[in-house]
Amino acid sequence: MIATPVRGNDFRGIFDYHEKKVREGVAREIGRSENLEGLDKGGLIEDFNLNVEQHISAQTKGRKLERFTFHPHLDFAKEDFDKLSDELLHEIAMRYMKAMGYGDCEYVLYRHEDREHPHIHIVSSVIDKNGNRVANNKEKEKSFQICRALEKEYGFVIATDRSRVMEQEFERHKEEVGKIREGKIDELNLNFEYGAKLLINRAVNAAFSHPDIFTFEDFEKRLRQEGVKVLEVEKEGKVIGLRYAVNENTKGKSPFSVKASETEKRATLGKLEELFKKNDLLKKASVCTLVDQAIRRGAASFVSLRDQLALDGVRLLLHENKGGVYGLSFEQDGRVYKGSELKGKGYSVHEISQRLAANQPGYEKSLEELKKLIRASIDKAVKEQKVFNLATLKNALLLDGITLLEAKNSGGVYGLSFEKEGKVFKGSDLNEGYNKQYSFKGIMASLQKNDPAHVVKTAYSSISKHTDALGTLVQLHAMGISFSKGYFNPEGFQKGVPIAHVMEDSHIRDFQNVDGAAKVFFDEKLTKKERELILAVFTIDNPAATSLEVLEAETNALLLISKGTMLKLPAGVKESFGKRAMKIISLGDSMKPATPTPLMQRTTDSPKGTSIAKTIQGLAGQIGDAGSMKKKKKKKDEEDEGYYHSL
């Protein structure tokens, strides 16, 4: 599911567009606000414009409202077509509008059927029924998050999974698609157009992921090898677009092609230009890296540089005249770049000559060259070797011939200096412009990012203080930090962090008590999907949670209970989960949309819904009597099993 929020300033143009589609028989209205019932197109335009005009006339300060239409379109994968009734699309549109902040705005909803995939358009205004203006802060990011939540709840194809779905379809029909490529249409046991689209999308996707596509000719040649032809769309002698077609060997079958904008990669002329530019930049960066490596390995002349680059597949071209070498070029995989064309500084003939000379015996480096070498060594130690304190930084720099000097007083270290080849530089001397990353504070900040203890403490401090131990562990796990045997283990670090280094003694006992429960939760019994659902429930303890997040968590709680997942949880997790389930379900009751979702309807109307209600009541009883139950733990566990087996 993809939702694109669009703001504009022309209600008439929007309604003209949709009415034209309706007359053509490829669109229809499937819903509108109650107070808009009975209005024709003219009446709708007048009503929306009047609301905007009244808001503008009441403005006393601020910038005049210029973009007042809200016209999002929601696109769904074709695999979801059979699920999407008009009623469900209306429900989804309303939930999307409410989550985006447009729940009180008038709207008209159209369903379009002019493309293969289902999609709807919502015509609305940025002014709500009360005359208030809807803020548009980070609407694209908000829309993206809402789509991911709705996909999860309704079981739609995830937008980022479409490539995987297409690849699976291609593999399933690989033999039939091969017949289309070879022109064996008479033997085809697959819809020709469907197979042709699979072939075209597969070929375009492969070309977009190939690093050696730099020109339109490269792209066209690559597709031709896969049985796909690129057609240029011209107008008045100018190429204005592209279409992609299967090769002309279909034995009398009418040619089939698709617009560039309808391919999975939206491989338009503009997208191709971006692809060529990206691949060119990547190739230049590759050449720069190989040149740098050759010089670091000790290349001290053009001859030794040429020999070392040849080992890495790069050809060094020297441009000479009677005065000597006046220019350089580098060739890799058929691409030739002048030294002056490569990124940043350091690759022209003059700059390369200086860098080579610095490797020659007896060469005395300038102060700027020494600073540059020290900066490079610090960057390598911090970014590549991931040193995280001054001791490990000192050892790393020694290997590059640099001595780290610490300035200390009674409060400890307050400054750093670096000595190389008899010259000493303060950390602040190494900074360039306004960048202070080599000052004492800048280096310490960089080291902290590599310190597992700092990473864990920062993550721990971001979690609400009201969250219990198990809830905290679940949220830390979502941030890539696991907990086992008294140690926090952040992902990407070899060493764990003792719990005593992270929190006060009063909290340590709580964490050690749930250590075993956390291990079961993370590593055993539960499927990945079940862990995701439980995580969504455990993380809704933030007072700033949106109504959509609360409703999603409520749905997850009901799913987990109804499917018997609770039976798999250890006792400590059950109790903690039960508390959250009660809190979330009570919150969700006040936030449900006017039309219940299919899941909500099932959980309240079906026989299983009765069992869920009983289970929740049972959980409430457990929570209310938690104090007395601690004294009778064995009896509590037996009662718990009774509650969950009743499902």
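The values are calculated or read from the model by the stated rules, or taken from the named source; none is laboratory data. Quick caveat: nothing in here was measured; it's all calculated off a predicted structure. Reconstructed Cβ throughout: ideal geometry from the backbone, glycine too, with neighbour counts over all protein chains shown. The protein model used for the area step is the full one, side chains on, heavy atoms only, and it has no ligands, DNA or RNA in it. Shrake-Rupley method; radii C 1.70, N 1.55, O 1.52, S 1.80 Å.
Of the cross-linked pairs LYS372/LYS394; LYS371/LYS436; LYS64/LYS142; LYS383/LYS423; LYS41/LYS64; LYS372/LYS420, those separated by over 22 Å at the C-alpha level are LYS64/LYS142; LYS383/LYS423; LYS41/LYS64. Between SER33 and ARG266, what FRET efficiency follows from the Cβ-Cβ distance if R0 is 45 Å, with the result rounded to 0.05? Efficiency at R0 = 45 Å is approximately 0.85. The residues of the stretch 1-124 have, on average, 49 Å² of accessible surface per residue, using a 1.4 Å probe with all protein chains present. Here the extension length gained between GLU171 and HIS117 equals 17.3 nm, from 0.36 nm per residue of separation less the Cα-Cα distance. Could you state the number of Å between the C-alpha centres of the stretch 60-99 and the stretch 253-290? Centre-to-centre distance over Cα atoms comes out at 31 Å. Each principal axis of the Cα cloud of the stretch 249-326 was taken in turn, and the coordinate range along them, longest first, works out to 63, 25, 24 Å.
Modelled this way, with points 7 Å down the Cα-to-C-beta line, the labels at ASN191 and ASP292 are 5.1 nm from one another.
Annotation: amide H-H contacts under 5 Å for GLY31 (H modelled 1.01 Å from N, sequence separation of 5 or more, or interchain): LEU109. Rounded to the nearest 20 debye, the dipole size of the stretch 389-495 about its Cα centre is 220 debye, using +1 on the Cβ of Lys and Arg and -1 on the Cβ of Asp and Glu. Between GLN385 and ASP307, full extension at 0.36 nm per residue minus the direct alpha carbon distance yields a gain of 25.2 nm. Solvent-accessible surface of the stretch 233-378, averaged per residue with a 1.4 angstrom probe and all protein chains in place: 60 square angstrom.
What a 1.4 Å probe finds exposed on the stretch 303-427 is 51% carbon and sulfur by accessible area, rounded to a whole percent.
The stretch between ALA300 and ASN435, if pulled fully straight at 0.36 nm per residue, gains 45.4 nm over its current Cα-Cα span. Between GLN354 and GLN494, the simple label model (points 7 Å from Cα in the Cβ direction) yields a spacing of 3.8 nm. Is the shape of the stretch 1-128 best called rounded, prolate or oblate, per the rule: a/c under 1.5 gives rounded, else a/b larger than b/c gives prolate, else oblate, with a ≥ b ≥ c the square roots of the Cα gyration tensor eigenvalues? Here the stretch 1-128 falls in the prolate category.
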